[in-house]
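These notes concern the structure reproduced below.
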Amino acid sequence: MSARILVAQPLTAEAFSPFGTVIDKTEVAPRPMNAGRARRFHDLAEVAVLGEESTVVIGHVEAEPYAVPLVVGLVERHPLGAQAFVPLDASPFLVVVCPDEEGHPGRPQAFLTAPGQGVCYAVGTWHGVLTPIGACQDFLVIDRGGPGQNLEEHVFDKPWTVVLPELRQVG
Ligand SMILES: NC(=O)N[C@@H](O)C(=O)O
Ligand code: NI
């Protein structure tokens, strides 16, 4: 198998911990609220923001699907804030992240979310763009608003290719 092929692994809090937080309500005990008529899964992730006049903003993303095997030619990072994506339906999606090596992305790691899982990239984490697979997918995005340059992109000399584990082909 080529050295630039990545097999997506199941997304777990531990494996993702160097890159951010997995947003997964099944990992916390719910708190009753509203006289027990609702349950709150509290503090699933924190969206840190940096810099004067920074705010935390919520957006809605209608994302088009990508073909699998996924060709990853570019990753990006947000130096002034974390970025969280929460799926609005229970379809898995692909997550690609890289360690930072002296200001450049190192070897990527690819993950396949479990249905309903979201991610919160920590401040400055190299990541691929939001990647639904199989069908269009809507997300809430929670990240930084405010002045300053909060996007840094890196184009790989040679692209990486992400494949799914054999037993988990989607679509
Ligand atoms: N914000 C935006 O346009 N997209 C990226 O930040 C991304 O992570 O998908
Ligand atoms: Ni991003």
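Against the 2.2 N^0.38 Å scaling, with N counting residues, where does the stretch 21-96 land? I'd like the Cα-based Rg ratio to two decimal places. List each step's numbers first, then the result.
Numbers: Rg = 16.2 Å, N = 76, 2.2 N^0.38 = 11.4 Å.
In units of the 2.2 N^0.38 Å rule of thumb, it is 1.42.
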### Query
Gaussian network model of the chain, Cα springs within a sub-10 Å range: biggest mean-square fluctuation belongs to which of H104, H127, H42?
H42
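So which GluC sites (Glu not before Pro) in the stretch 1-108 end up in coil per DSSP with only 15 or fewer other C-beta atoms within 10 Å?
Loop-located and lightly packed - E46, E52, E53, E102.
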## Note on the structure
When V47, V56 are ranked with the fewest other C-beta atoms within 10 Å first, the list becomes V56, V47
### Query
Once amide H atoms are placed 1.01 Å from N in the peptide plane, what residues at a sequence separation of 5 or more from L88, or on another chain, have their amide H within under 5 Å of its amide H?
D138, F139, L140
### Task
May I ask for log10 I(q)/I(0) of the stretch 5-168 at q = 0.08, 0.14, 0.16 Å⁻¹, from a Debye sum over the Cα atoms as equal point scatterers with solvent left out?
-0.24, -0.73, -0.95
#### Entry: Order of S17, S91 under a 10 Å beta carbon neighbour criterion, fewest first
S17, S91
### Task
On a C-alpha basis, how far is the centre of the stretch 44-105 from the centre of the stretch 114-132 in Å? Whole number, if you could?
4 Å
### Query
Long-range amide H contacts for I133: which residues qualify at under 5 Å (H placed 1.01 Å from N, peptide plane, sequence gap of 5 or more or a different chain)?
Y66, L94
### Query
Which is the longest part of the chain that has none of the trypsin sites (Lys or Arg not before Pro) sitting in a DSSP loop with at most 16 other Cβ atoms within 10 Å?
38-171
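Quick note: the coordinates plus some simple rules give every number you see, no bench work behind them. Every value quoted in this text rests on a predicted model; they were computed, and no experiment measured them. Neighbour counts run over all protein chains shown; Cβ positions are idealised from the backbone, glycine included.
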